[in-house]
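Peer 1: Submitted below is the structure of interest, expressed as structure tokens.
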Amino acid sequence: MSLRDHLTARIRANGPISVAEYMADCLLHPQFGYYTTRDPLGTKGDFTTAPEISQMFGELLGLSLAQSWLDQGSPAPFTLAELGPGRGTLMADLLRATRGVPGFHAAMQIHLVEASPALRDVQASTLQGYAPVWLDSVETLPDQPLFLAANEFFDALPVRQFLRAGDGWSEKRIGLQDGALAFGLSPAAPQHALQHRLEDTSDGDLVELCEAAAPITQCIAARIAAHGGAALIVDYGDWRALGDTLQALRAHEPADPLQAPGEADLTAHVDFEALALAAKTAGCAFTRLTPQGVFLERLGITGRARALAAPLQGEGLETLITAHRRLTHPDEMGNLFKVLGLYPSQAAPPPGLNP
Ligand code: SAH
């Protein structure tokens, strides 16, 4: 039995599935899911993320959150949380960078929201000595001040895809054609959740809907609004994404999303407007959506890179220069990735971001 067999049987029994149902099975099926069964990160894996490129990323996010914590009067205890921590690299860099912040480590209670047992194991070894608590969902985060980071978490949440047809929408579905997985379209129907997209789309445009993103954001935002805190959400995407952004990556190369279910990473761009509106509904303020490069420059990444470069030469120095460029340059991750901050409306936004 493989994931392809499982999907084929599922479609034979119940008919075509949505892109979201397909993504959910591919990424998190308990037995065959991409994340459930492996550590996909790094040069030997399928993709690399900002914290895996350089320690500077986690350090600067950590210092931004710690400064927000100080600005809000150093509340204790507080939750230090990360969504989808991967290998735990960002959290480890954040913890090292904040060691000197008076009272921060004594007051923090680390919570990691992680669905993958394989990655929980990696996180446990990266974060030895810190005793984090693992959660399946944001719903069980404690009711107390919450300082949270999420890098490339929301892009892993399943999206549904719709094609505009008049004032309705046809949903892209995955069925079988000659025994193979193939895309099809459902008959057009009105979609309440896409009502606002009738104003900026025309016939044939494709829009994506991530149903899980708003409830997760509301859950975080409600804690920040009620008890204080801040969230830094970093991902690729835009304010109101348009077009097909479903992407499969395998061994650092783009792949056909239907080709090898469960063997490739599947992501979709994040619709940051949906996150911001969910935060607002929960009574929480949000920052301007800011390119990652701008955010990191404001936090002093170039100074940090110079300090790290001082003792280096040759290959080590080259690697550092390349990492700085990859994280910040507009032609690399600097513009593609965006940062959205959440914070209590009576507090200052996290450093690096503007209201
Ligand atoms: N933040 C890390 C890893 C990004 S990969 C980094 O930047 O390197 C996506 C992470 O989110 C993985 O840890 C994956 O297992 C986790 N994940 C994906 N979907 C999830 C879900 N629905 N609930 C909890 N964790 C999830």
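Peer 1: Can you find a residue in the stretch 255-265 that is in contact with a His (Cβ under 6 Å, 6 or more places away or on another chain) and either open to solvent by less than 40 Å² (accessible area, probe 1.4 Å) or away from the ligand (no atom under 14 Å from the Cβ) (or both)?
Peer 2: For the stretch 255-265, residues in contact with a His (Cβ under 6 Å, 6 or more places away or on another chain) and either open to solvent by less than 40 Å² (accessible area, probe 1.4 Å) or away from the ligand (no atom under 14 Å from the Cβ) (or both): absent.
Peer 1: Oh, and also: Conditions: (1) part of a helix (DSSP H, G or I); (2) within 16 Å of the ligand (Cβ to nearest atom); (3) open to solvent by 10 Å² or more (accessible area, probe 1.4 Å). Residue 87 meets all but one. Number of the miss?
Peer 2: Answer for residue 87: the failing condition is (1).
Peer 1: Does any residue of the stretch 184-201 turn out to be in contact (Cβ under 8 Å) with a residue 12 or more places away in the chain, assigned to a loop (DSSP other than H, G, I, E, B) and either among the aromatic types (Phe, Trp, Tyr) or closer than 15 Å to residue 240 by Cβ (or both)?
Peer 2: If we filter the stretch 184-201 for residues that are in contact (Cβ under 8 Å) with a residue 12 or more places away in the chain, which is where we start, we get 184-191, 193-194, 197-198, 200-201.
Subset that is assigned to a loop (DSSP other than H, G, I, E, B): 186-188, 190-191, 200-201.
Going one step further and asking which of them are either among the aromatic types (Phe, Trp, Tyr) or closer than 15 Å to residue 240 by Cβ (or both), we end up with 200-201.
Scanning the stretch 184-201, I find at least one residue that is in contact (Cβ under 8 Å) with a residue 12 or more places away in the chain, assigned to a loop (DSSP other than H, G, I, E, B) and either among the aromatic types (Phe, Trp, Tyr) or closer than 15 Å to residue 240 by Cβ (or both), so the answer is yes.
Peer 1: Inside the stretch 62-84, can you point out the residues that are open to solvent by 10 Å² or more (accessible area, probe 1.4 Å) and outside any helix (DSSP H, G or I)? If you could, list the steps in order and put the result at the bottom.
Peer 2: So the first thing to find is which residues in the stretch 62-84 are open to solvent by 10 Å² or more (accessible area, probe 1.4 Å), and the list is 63, 67, 70-77, 84.
Listed by number, the residues that qualify are 72, 73, 74, 75, 76, 77, 84.
Peer 1: Kindly evaluate residue 92 against the criterion of being within 13 Å of the ligand (Cβ to nearest atom), in contact (Cβ under 8 Å) with a residue 60 or more places away in the chain and surrounded by 16 or more Cβ atoms within 10 Å (Cβ to Cβ). I'd like the intermediate steps shown before the answer.
Peer 2: Working: within 13 Å of the ligand (Cβ to nearest atom): yes; in contact (Cβ under 8 Å) with a residue 60 or more places away in the chain: no; surrounded by 16 or more Cβ atoms within 10 Å (Cβ to Cβ): yes.
Here the answer is no, as residue 92 does not meet what is asked.
Peer 1: Considering only helices (runs of 4 or more DSSP H) fully contained in the stretch 1-61, which possess at least 1 residues that are open to solvent by 60 Å² or more (accessible area, probe 1.4 Å)? Break it down into steps so the answer makes sense when it comes.
Peer 2: Values: elements: 3-14, 19-28, 34-37, 50-53.
Passing ranges, in order: 3-14, 19-28, 34-37.
Peer 1: Does the stretch 212-226 contain at least one residue that is buried (at least 21 other Cβ atoms within 10 Å of the Cβ) and assigned to a loop (DSSP other than H, G, I, E, B)?
Peer 2: Within the stretch 212-226 (the criterion being buried (at least 21 other Cβ atoms within 10 Å of the Cβ) and assigned to a loop (DSSP other than H, G, I, E, B)), the answer is no, since none of the residues qualifies.
Peer 1: Is the stretch 115-136 home to any residue that is assigned to a helix (DSSP H, G or I), in contact with a His (Cβ under 8 Å, 6 or more places away or on another chain) and within 12 Å of the ligand (Cβ to nearest atom)?
Peer 2: Filtering the stretch 115-136 down to residues assigned to a helix (DSSP H, G or I) leaves 117-126.
Next cut, in contact with a His (Cβ under 8 Å, 6 or more places away or on another chain) only: none.
Within the stretch 115-136, not a single residue is assigned to a helix (DSSP H, G or I), in contact with a His (Cβ under 8 Å, 6 or more places away or on another chain) and within 12 Å of the ligand (Cβ to nearest atom).
The values are calculated or read from the model by the stated rules, or taken from the named source; none is laboratory data. On a predicted model such as this, the values are computed, not experimentally measured, just so you know. Here the Cβ is made from the backbone with ideal geometry for all residues, glycine too, and neighbour counts use every protein chain on show. With ligands, DNA and RNA removed, areas are computed over all heavy atoms of the protein, side chains included. Shrake-Rupley method; radii C 1.70, N 1.55, O 1.52, S 1.80 Å.
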